[in-house]
């Protein structure tokens, strides 16, 4: 057996040697795909906040927006935030709608959890936001200014259905009209009832049938069938004559007429009433085709008679007092609870109107969402004064208090309007430390306007914050359709924005920059759904945009 083993071993070695003689080992090389090489370059960058030089940017906040659950669950986004940023802001959970309960009390458990989690990680928290028109507990706020019902006290008038009934907002929102080249609009200031304020005018150039010149106010829901509605307003005209009013079905034009009313050249109070005969009336209108001239209308009220109970309707001053108290309660409760860790706040968010950028937004004449409540409609222009004073009173001595708005780089008039409003707030004794510009933009945004916006903001001397930066690919391009060229343009735009911020905003005015959407937006998101706006993909892979931001921060 030993000899057989030796023979077998010898044969095996011979076969191996023969095999080696026939086949030479050769080098084998496959070129690495360019996409792999490019990604390796991106992944070689350090976490973003490491590019902030402490000796020059010790107070600079490089922030990120997340939801409460994304951060306190201590998952991937928590680690992403802590590694790359030194400040966090919540998109929703510190707002009125998330904190104020049905009885008006503040539930601050989630807020306290956030602060504890952030403190343990050494990342600061920016407070967002103390006074806004959206994401409010509007149900509670409306309930505290609703009429007081007195059961068993007989009929009473419900709330006026006509918004902006005295036209003192300086517009005729919700009113429209047609016929016979007639015109309608807002009067000059001082032409309203009693020679003060504004009113609505309706001009008809010639006498035609009454229904051939009309001014209408449409409602989202119909008048209640079988209910009596009382109409009251002041009227005068350039000549004596008559017009009429009605509740109408806007589809087939059938209606319930209040009847005609006399127009004189002096202001006159008109009071009419009518019971609805069907449940399809959704329009109130004036018909004035038989009147040649201009009719002025002011202080309109259209109210349903509630036959089942009496009620006490609160006056505008009473509503102002109540709503001011509610705002102070929310701001003081939030700031008192958070002041040990939160040192900066968005006090007032998005105050300026888009169509009239020198004026404040209003909810008057609009159909409001369930979470909308416009504090300014009850407190007036000084609502922000009250908000800043309350936040200052309850905060720390060194807290930084901001006003914040969007589209300032798109509408320079809106930027001017916001700056003017800041000046107004401070003229009333409150101090505004900083201005936030949101900058939800895309790769095609006007760079010249961006430079002009930064220049205007820098000239205020205030702290300037890019508060909600995210950049899309333009034309509502979704992630599924994005190209390499678009991603390169996105990288360039992220770098451009940050470069210009550091170039134009003086060092002592730079509060910081917050990335609003660190990852691309999911298709199911309520914010820029399906758009690749982030620095990371949904799967947390760094994108070229990451490089744009890193390069912009390097050496600053």
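The values are calculated or read from the model by the stated rules, or taken from the named source; none is laboratory data. These figures come from a predicted structure and were not determined experimentally. FYI the Cβ positions are ideal-geometry reconstructions off the backbone, even for glycines, and counts take in every protein chain you see.
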Selection status of residue 510, more than 26 Å from residue 52 (Cβ to Cβ) and touching a residue at least 60 places away in the same chain (Cβ under 8 Å): no
Any hit, segment 122-137, residues being surrounded by fewer than 22 Cβ atoms within 10 Å (Cβ to Cβ) and in a helix (DSSP H, G or I): no
In segment 413-429, the residues that are over 25 Å from residue 441 (Cβ atoms) and in contact (Cβ under 8 Å) with a residue 40 or more places away in the chain: 424, 425, 428, 429
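Tell me whether segment 391-412 contains one or more residues that are without any contact (Cβ under 8 Å) to a residue 40 or more places away in the chain and part of a helix (DSSP H, G or I). Working first, answer last.
So the first thing to find is which residues in segment 391-412 are without any contact (Cβ under 8 Å) to a residue 40 or more places away in the chain, and the list is 392, 397, 410.
Now restrict to residues that are part of a helix (DSSP H, G or I): 392.
Looking through segment 391-412, at least one residue is without any contact (Cβ under 8 Å) to a residue 40 or more places away in the chain and part of a helix (DSSP H, G or I).
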Residues of segment 519-545 satisfying the condition of being closer than 13 Å to residue 66 by Cβ and over 19 Å from the mean Cα position of the chain (by Cα): 519, 534, 536
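For segment 413-454, enumerate the residues that are in a loop (DSSP other than H, G, I, E, B) and out of contact with any helix residue (DSSP H, G or I) (no Cβ under 6 Å at 6 or more places or on another chain). It would help to see each step written out before you state the result.
Kept after step one, since they are in a loop (DSSP other than H, G, I, E, B), are these residues of segment 413-454: 428-433, 438-439, 443-446.
Those that are in a loop (DSSP other than H, G, I, E, B) and out of contact with any helix residue (DSSP H, G or I) (no Cβ under 6 Å at 6 or more places or on another chain): 429, 431, 433, 438, 439, 444, 445, 446.
Could you go through segment 371-383 and let me know if any residue there is without any contact (Cβ under 8 Å) to a residue 24 or more places away in the chain, under 18 Å from the mean Cα position of the chain (by Cα) and buried (at least 16 other Cβ atoms within 10 Å of the Cβ).
So in segment 371-383, the residues without any contact (Cβ under 8 Å) to a residue 24 or more places away in the chain come out as 377.
Those still in the list that are under 18 Å from the mean Cα position of the chain (by Cα) too: 377.
Remaining after also requiring buried (at least 16 other Cβ atoms within 10 Å of the Cβ): 377.
There is at least one residue in segment 371-383 that is without any contact (Cβ under 8 Å) to a residue 24 or more places away in the chain, under 18 Å from the mean Cα position of the chain (by Cα) and buried (at least 16 other Cβ atoms within 10 Å of the Cβ).
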Answer residue from segment 265-280, given it is touching a strand residue (DSSP E or B) at 6+ places or on another chain (Cβ under 7 Å) and in a loop (DSSP other than H, G, I, E, B) and is surrounded by the most Cβ atoms within 10 Å (Cβ to Cβ) among those: 276
Residue under evaluation residue 302, criteria (1) crowded, with 20+ Cβ neighbours inside 10 Å; (2) closer than 26 Å to residue 435 by Cβ, criterion not met: (2)
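Among 500, 491, which is the only one that is more than 29 Å from residue 67 (Cβ to Cβ), modelled with pLDDT of 95 or more and part of a helix (DSSP H, G or I)?
Numbers: 491 fails: more than 29 Å from residue 67 (Cβ to Cβ).
Only one candidate qualifies: 500.
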Unmet requirement for residue 457, which otherwise passes all of (1) surrounded by fewer than 24 Cβ atoms within 10 Å (Cβ to Cβ); (2) touching a strand residue (DSSP E or B) at 6+ places or on another chain (Cβ under 9 Å); (3) in a helix (DSSP H, G or I); (4) in contact (Cβ under 8 Å) with a residue 40 or more places away in the chain: (1)
Residue 148, sole failed condition from (1) touching a strand residue (DSSP E or B) at 6+ places or on another chain (Cβ under 8 Å); (2) farther than 30 Å from residue 308 by Cβ: (2)
All strands (runs of 3 or more DSSP E) inside segment 146-242 with 3 or more residues being crowded, with 19+ Cβ neighbours inside 10 Å: 200-204, 214-218, 228-237
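Results for (1) out of contact with any strand residue (DSSP E or B) (no Cβ under 9 Å at 6 or more places or on another chain); (2) within 15 Å of residue 517 (Cβ to Cβ), shown as yes or no for each residue.
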{"position": "437", "(1), (2)": "no, no"}
{"position": "453", "(1), (2)": "no, no"}
{"position": "468", "(1), (2)": "no, yes"}
{"position": "472", "(1), (2)": "no, yes"}
{"position": "484", "(1), (2)": "yes, no"}
{"position": "490", "(1), (2)": "no, yes"}
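Of the residues 254, 260, 244, only one is in contact with a helix residue (DSSP H, G or I) (Cβ under 7 Å, 6 or more places away or on another chain) and closer than 30 Å to residue 156 by Cα; which? It would help to see each step written out before you state the result.
On the way: 254 fails: in contact with a helix residue (DSSP H, G or I) (Cβ under 7 Å, 6 or more places away or on another chain); 260 fails: in contact with a helix residue (DSSP H, G or I) (Cβ under 7 Å, 6 or more places away or on another chain).
Every option except 244 fails the conditions.
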The lone exception for residue 262 - which of (1) part of a strand (DSSP E or B); (2) more than 35 Å from the chain's Cα centre (by Cα); (3) crowded, with 16+ Cβ neighbours inside 10 Å it fails: (3)
Subset tally (residues that are more than 27 Å from residue 405 (Cα to Cα), in a helix (DSSP H, G or I) and either in contact (Cβ under 8 Å) with a residue 60 or more places away in the chain or in contact with a helix residue (DSSP H, G or I) (Cβ under 8 Å, 6 or more places away or on another chain) (or both)) for segment 81-111: 1
Test result for residue 328, under 30 Å from residue 187 (Cβ atoms), in the same structural domain as residue 374 (by TED's automatic domain parsing) and out of contact with any strand residue (DSSP E or B) (no Cβ under 6 Å at 6 or more places or on another chain): no
Residue in segment 306-314 that is more than 35 Å from the chain's Cα centre (by Cα), within 17 Å of residue 259 (Cα to Cα) and in a strand (DSSP E or B) present: no
Every residue from segment 42-80 that is touching a residue at least 12 places away in the same chain (Cβ under 8 Å), within 20 Å of residue 539 (Cβ to Cβ) and part of a loop (DSSP other than H, G, I, E, B): 45, 47, 67, 74
Residue ID - nearest to residue 432 (Cα to Cα), chosen from residues in segment 327-360 that are surrounded by fewer than 17 Cβ atoms within 10 Å (Cβ to Cβ) and under 15 Å from the mean Cα position of the chain (by Cα): 353
